[in-house]
Amino acid sequence: MIRAVVRGFGASLPKRVMTNRELEDLVETSDEWIVQRTGIHQRYIAGEGETTASLGAAAAKAALDNAGLTASDIDLIICATSTPDNTFPATAVNIQNRLGIHHGFAFDVQAVCSGFVYAMATADLYIRGGMAKRVLVIGAETFSRILDWTDRTTCVLFGDGAGALVLEAAEGEGTTDDRGVLTSQLRSDGTHKEKLYVDGGPSTTGTVGHLRMEGREVFKHAVGMITDVIEAAFDATGTSADDIDWLVPHQANRRIIDGSAKKLGIPSEKVVITVDVHGNTSAASIPLALAVAAGDGRIKKGDLVMLEAMGGGFTWGAVLLRW
Ligand code: UT7
């Protein structure tokens, strides 16, 4: 059977680092509160000329270099983002143009913090369905542009950045020993809209709006939803927590990550953490974390890797893959 196998990875971050101390000058907060409640020490903030598409294109180029490919080898680009450069056209098409290619097709996926997991599931289906052979799957965000910088309950949490994978069609045996995506489990429930949303949009206010979140309410649901989809991924593949080499979670809050890993029985040495340096970069957080852990040699070819995310909507999901 055909499998969607990771061939390359890449990342791109804005130049500017913003520390917790800098936030103390903007809102009534403290480095101590932010570190204790979230595990975040710093985040990257996009400057003038840095946009979701520019960061996404840089991450895509890094992933192509890592794969030993050029843009002409790609036939599909999927970009997960909730902070597009424009309402339309899609950021993925903007990135396609920046990569200098005019063949194939490109589109965005919008599932907020679960966007990269949704995009991976989508790319896997396009590859297994035979509609694409090599796919750039990108998570790119500039959440700094939709933050209310006077609201201490949200502005300390988020950051900007982009990460990308190149997925390639390869023959597999149909077992969990195959490299590539082994299962994707996706969920959504719109009844939770008010707990995490942006209070603007083209069809309502005609403005971009700002992010609004009832953090404690989101937190209450997060661990249960995350463990639910991970257990569904284990059930679908006959694997268990003992088989996992790496858990690469969406990086929203260190306490949510630790709580989920503990509930699943995954030891902390197997969990990739980047929330300390990146903050919450929404759909970019998983590919950024993958680029860090594969780049420093922790994630190796053949490792069993679980990706998971939960966010606005609510949306949540998990992807199990063999690297
Ligand atoms: O990525 C998408 C999914 N999003 C998430 O997963 C986020 C989920 N939620 C969280 O990570 C946490 O709920 C937060 C980090 C947002 C907040 O942590 P918490 O432990 O749930 O704190 P809280 O909201 O219960 O607030 C505790 C106190 C409050 O004061 P009172 O009411 O106890 O007097 C807040 O007003 O902390 C106060 N507070 C702050 N204090 C200093 C809230 N924000 C800040 C701040 N600095 N930045």
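The values are calculated or read from the model by the stated rules, or taken from the named source; none is laboratory data. Worth saying up front: this structure is predicted, and the values here are computed from it rather than measured. We place every Cβ from the backbone using ideal geometry, glycine too, and count neighbours over all the protein chains shown. Please note that ligands, DNA and RNA were not included when accessible areas were found on the heavy atoms of the full protein model with its side chains. Shrake-Rupley method; radii C 1.70, N 1.55, O 1.52, S 1.80 Å.
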*asked:* So for the range 237-244 (the condition being touching a Pro at 6+ places or on another chain (Cβ under 7 Å) and of a type outside the set (S, T, Y)), does at least one residue qualify?
replied: no
*asked:* Exactly one condition in (1) away from the ligand (no atom under 16 Å from the Cβ); (2) over 21 Å from the mean Cα position of the chain (by Cα); (3) under 28 Å from L196 (Cβ atoms) is false for D25; which is it?
replied: (1)
*If you scan the range 141-166, which residues turn out to be within 11 Å of the ligand (Cβ to nearest atom) and of a type in the set (D, E, K, R)?*
E141, D151, R152
*Show the residue pairs that are 6+ apart or on different chains and have beta-carbon atoms under 7 Å apart, the first residue being within the range 54-76 and over 16 Å from H102 (Cα atoms), the second being of a type in the set (A, V, I, L, M, F, W, C) and assigned to a helix (DSSP H, G or I).*
G56/I95; L64/A71
*asked:* Quick check on the range 301-313: of everything there that is farther than 18 Å from D242 by Cβ and over 15 Å from the mean Cα position of the chain (by Cα), which residue is nearest to the ligand (Cβ to nearest atom)?
replied: G313
*Can you give me the ranges of the strands (runs of 3 or more DSSP E) entirely in the range 174-219 with at least 2 residues that are touching a residue at least 40 places away in the same chain (Cβ under 8 Å), touching a strand residue (DSSP E or B) at 6+ places or on another chain (Cβ under 7 Å) and away from the ligand (no atom under 16 Å from the Cβ)?*
180-188
*Working only within the range 193-230, note down all residues that are over 20 Å from the mean Cα position of the chain (by Cα) and either closer than 26 Å to L320 by Cα or assigned by TED's automatic domain parsing to the domain that holds N86 (or both).*
K220
*Got at least one residue in the range 286-300 being touching a residue at least 24 places away in the same chain (Cβ under 8 Å), more than 25 Å from Y44 (Cα to Cα), crowded, with 23+ Cβ neighbours inside 10 Å and within 14 Å of the ligand (Cβ to nearest atom)?*
no
*Within the range 94-106, track down each residue that is in a loop (DSSP other than H, G, I, E, B) and in contact (Cβ under 8 Å) with a residue 40 or more places away in the chain.*
L99
*Say whether the condition of being of a type in the set (S, T, Y), open to solvent by less than 20 Å² (accessible area, probe 1.4 Å) and either within 12 Å of the ligand (Cβ to nearest atom) or not in a loop (DSSP other than H, G, I, E, B) (or both) is met by at least one residue in the range 235-252.*
no
*asked:* Show me the helices (runs of 4 or more DSSP H) entirely contained within the range 1-93 in which 1 or more residues are open to solvent by less than 30 Å² (accessible area, probe 1.4 Å) and over 30 Å from D124 (Cα atoms).
replied: 20-24, 31-38
